[in-house]
Every structure is written in structure tokens, then in C-alpha cells.
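The values are calculated or read from the model by the stated rules, or taken from the named source; none is laboratory data. This structure is a prediction, so every number in the text was calculated from the model and none was measured. Every residue, glycine among them, receives a Cβ derived from its backbone with ideal geometry; neighbour counts consider all protein chains shown. We work out accessible area using only protein heavy atoms, side chains counted, and drop any ligands, DNA or RNA first. Shrake-Rupley method; radii C 1.70, N 1.55, O 1.52, S 1.80 Å.
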Amino acid sequence: MHQGQGRREYIVTSDPEAVSRVRASLLRTLPVAAWAGVAGAAVIIAAVVLLLVTLGPSASQLWVLVFAWPAVFFLYDARRRFAALRRLKRTWAVKDVSPVAMRLSPDGLRCTIDAAPDPVVLPWSAIAQVRIKGQGLSSVRVDLTPGVSATTPGVSGLDQPEARTRMRRTWKGRTRLGFAVYALREPLSDINQALGHFSNGRIGIR
């Protein structure tokens, strides 16, 4: 446990160097993926134009639409990727790499998503279950209690685009927030003990 602002808390840490490497890798690969979508759309459009030239006035408009709609999808996806990349660059330009992945306190769970400008804060009443898999590169999944949303009292950060893209619906109908912790340093047994301590025994690692 660590002392923080007059109260006890448990801090889960990651490796800042590992996070920096992930940042650098994403800044290399995300533009490639976005431009690949543009290239795919260009190939499809060129094929449609060639089809129109080949068939001439007899070309069916329906067939043109069938072949052309994937280009619209590729362009939309590329636009979305470029927008996400610009937001990511703006965030990382002012946000230092933090060694803190999560903070557990009597108030709840505070999660650091590196791509998001602000942390996600969840009171214990908003959490149904926590899952952590892997040591080193670890996957964290937080199941929210039914009805919890970004506007729930005590909850903050869920309305960020980077948080929304990491939220999924489970087959049980729950909403789950998932994110990665790079080079998790604390033993899972210690994190499990801290979860039980601060949630009054209600939550543990599943």
C-alpha cells in the first residue's frame, strides 16, 4: 500500500520505457494502415472507371454501385484512422509517459489509458468484476455493473473516444472496458488482495 493525499491506496505500475516503445511503434504503423485504406479505395475506383470505359453506356448502374461501395468504406475507415492519429499525436505531445497504470483507493479504481488524455475513474459500485491476464504485457478487463455509463455519478473518463473504442458488450449484456498494461510490475496476487481490501471483499481478479 502507498500513502496518497492522506489516505491509503495501492498503485499498479508499468514500465515507462515499454510504453514509450509502444507509442513509437503506433506512430509508425497507424499512418501505414490509414494510407493502405486510401490506396485500397483508389484501386477500387480505378477498377470501376475501367469497367465503365469498357462497358460504355450499357453498364448497369446497379453493378457500378456493387463494385464501388467498398471504396466508400475504405475511405471512411481511412478518415477515421487519420482523425484518431491526429488526436493521438495531440494527446502525446502534452501527456508524459506515466509509470502508473492503475490506482486503487477507497473511492474506487483509477485506470490510465495511455492513448486517452484523462484517466478513467470508476467507483467500486460501478464495477462488477475485474480480470487481469498475463504478466509483463497484461490485459485488463473491467466489467461494469448494469446501467453504468459516462454520466453515472462518480464516473469520469468513459466519454473519451479512446475509452469508448475499448468498451464492448459481453454475452451477458454487461459493458466491459478493456485496456493493456505494458510490463506490469506488481504480482497478480497482490493486486487481487488490494481489490478485495478496497472493495470490502466484493471484487477480486477472476
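What the table below lists for this structure:
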read-out	value
Index of the failed condition, Ala78 passing every other in (1) surrounded by fewer than 19 Cβ atoms within 10 Å (Cβ to Cβ); (2) at pLDDT 90 or above; (3) in a helix (DSSP H, G or I)	(1)
Criterion: among the basic types (Lys, Arg), under 19 Å from Val12 (Cα atoms) and open to solvent by 50 Å² or more (accessible area, probe 1.4 Å) - qualifying residue of Arg174, Arg169, Arg206	Arg206
Long-range neighbours under 9 Å by Cβ, at least six apart or interchain, first residue assigned to a loop (DSSP other than H, G, I, E, B) within the stretch 185-205, second at pLDDT below 90 and exposed (fewer than 15 other Cβ atoms within 10 Å of the Cβ)	Pro187/Gln135
Members of the stretch 153-180 that are of a type in the set (A, V, I, L, M, F, W, C) and either over 21 Å from Ala84 (Cβ atoms) or assigned to a loop (DSSP other than H, G, I, E, B) (or both)	Val155, Leu158, Trp171
Residue under evaluation Ile127, criteria (1) free of Cβ contacts under 8 Å to residues at least 60 places away in the same chain; (2) buried (at least 17 other Cβ atoms within 10 Å of the Cβ); (3) closer than 17 Å to Gly196 by Cβ, criterion not met	(1)
Evaluation of Val53 against (1) at pLDDT below 80; (2) surrounded by 15 or more Cβ atoms within 10 Å (Cβ to Cβ) (one fails), failing number	(2)
Residue satisfying condition, being within 21 Å of Asp107 (Cβ to Cβ) and touching a helix residue (DSSP H, G or I) at 6+ places or on another chain (Cβ under 6 Å), within set Val140, Val120, Val181	Val120
Test: Leu158 is among the hydrophobic types (A, V, I, L, M, F, W, C), at pLDDT below 90 and either at negative phi or crowded, with 17+ Cβ neighbours inside 10 Å (or both)	no
Residues (out of contact with any Phe, Trp or Tyr (no Cβ under 7 Å at 6 or more places or on another chain) and part of a loop (DSSP other than H, G, I, E, B)) located in the stretch 136-152	Gly136, Thr145, Pro146, Gly147, Val148, Ser149, Ala150, Thr151, Thr152
Residues being over 16 Å from Glu162 (Cα atoms), crowded, with 17+ Cβ neighbours inside 10 Å and not aliphatic (A, V, I, L, M) - total across the stretch 81-118	3
